[in-house]
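J.: I have a structure I would like to understand better, so I am pasting it below and will then ask my questions one at a time.
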Amino acid sequence: MPPPPPPAGLPDQEPAVTPADIRDGAAVALVVGVSGALLALLWAWLAPRVQYVAHGQAVFLKNTEGEARIGADGTFFLLSLGLGVLSGLAVFLWRRRGGVALVAGLTVGSCFAAVVGWRMGLWLGPGTDVVAAAGKAGEDVPFDAPLQLLAYGVLLG
């Protein structure tokens, strides 16, 4: 026995999420996630450098009162925030409407892009072997410290 027809006067309801919406959400997540490589390049290029100096057997900050450490975190935050706004605007202009799948795609892609940008930025920045860099630079010669993200909360930005 077939289901009864809907009452007259009520429009047919469309499903909340269609397979096309899921496909578009997955595409958005993939494209936004891959944009983490751009975030890494920009962060490694624009982040202020912390400088160390080797003196004897110890390595010290060149400028103990410098703000470059927090500047690297702020640079990452502002770059990721800007890329997030551009991603949201691009998705809006592409689809001209919202939807749960697109929002989920933006969220998953943004989280993945932040992690990719962070890890790839560390890889693109100065090496993490401070002892080798100090030996290569020499006594009392400043050298760049490894790029670090000290405030992990900026990954959520």
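The values are calculated or read from the model by the stated rules, or taken from the named source; none is laboratory data. What you see is a predicted model; the values in this text were computed from it and never measured. A quick note on method: Cβ atoms are made from the backbone with ideal geometry, for glycine too, and the neighbour counts reach across all protein chains shown. Quick note on the areas: whole protein, heavy atoms, side chains included, nothing else; ligands and nucleic acids left out. Shrake-Rupley method; radii C 1.70, N 1.55, O 1.52, S 1.80 Å.
J.: How many percent of the alpha carbon pairs in the chain exceed a separation of 28 Å?
T.: Beyond 28 Å sits 43 percent of the P(r) for the chain.
J.: How tilted is helix 68-95 with respect to the longest principal axis of the chain? Cα atoms for both, answer in degrees (0 to 90, nearest 10).
T.: Between the helix axis and the principal axis of the chain, the angle is about 20 degrees.
J.: Can you give me the distance in nm between label points at A16 and T107, each placed 7 Å from the Cα along the Cα-to-Cβ direction?
T.: Roughly 1.2 nm, to one decimal.
J.: I would also like to ask the following. How many percent of the accessible area of the chain is carbon or sulfur, using a 1.4 Å probe?
T.: 69 percent
J.: Please determine, in degrees from 0 to 90 and to the nearest 10, the orientation of helix 100-124 with respect to the longest principal axis defined by the Cα atoms of the chain, where the helix direction is its Cα long axis.
T.: Result, in degrees: 20.
J.: Still on this structure, I have one more. So what is the accessible area of segment 22-157 per residue, in Å², with the probe set to 1.4 Å?
T.: Computed with neighbouring chains in place, this is 60 Å² per residue.
J.: Between the helical axis of 19-34 and the dominant principal axis of the chain, each derived from Cα atoms, what acute angle in degrees is found, rounded to the nearest 10?
T.: With both axes taken from Cα atoms, the answer is about 10 degrees.
J.: Here is a further query. What is the sum of charges, Lys and Arg at +1 and Asp and Glu at -1, for the other residues whose Cβ falls under 14 Å from the Cβ of V32?
T.: Neighbourhood net charge equals 0.
J.: In segment 18-35, whose amide N lies under 12 Å from the spot 7 Å out along Cα-to-Cβ of L124? List them in ranges.
T.: Under 12 Å, as judged by backbone N against the label point of L124, lie 35 of segment 18-35.
J.: May I ask you to derive the relative contact order of the chain, considering only C-alpha pairs under 8 Å and at least 6 residues apart, and to give it as an integer percent?
T.: Worked out over the chain, it gives 38 percent.
J.: Express in Å², to the nearest 10, the accessible area of E67 obtained by rolling a 1.4 Å probe over the protein heavy atoms while all chains stay in place.
T.: Around 140 Å² of this residue is reachable by solvent.
J.: Then there is this: Quick check: with the 1.4 Å probe, what order do W43, W123, W94 take by accessible area, largest first?
T.: Largest accessible area first, the residues go W123, W94, W43.
J.: As a check on your grasp of the helix formula, calculate [θ] at 222 nm for the chain: sum -39500 (n - 2.57) over DSSP H runs of n ≥ 4, divide by the residue count, round to the nearest 500.
T.: Calculated at 222 nm, the ellipticity per residue is -19000 deg cm²/dmol.
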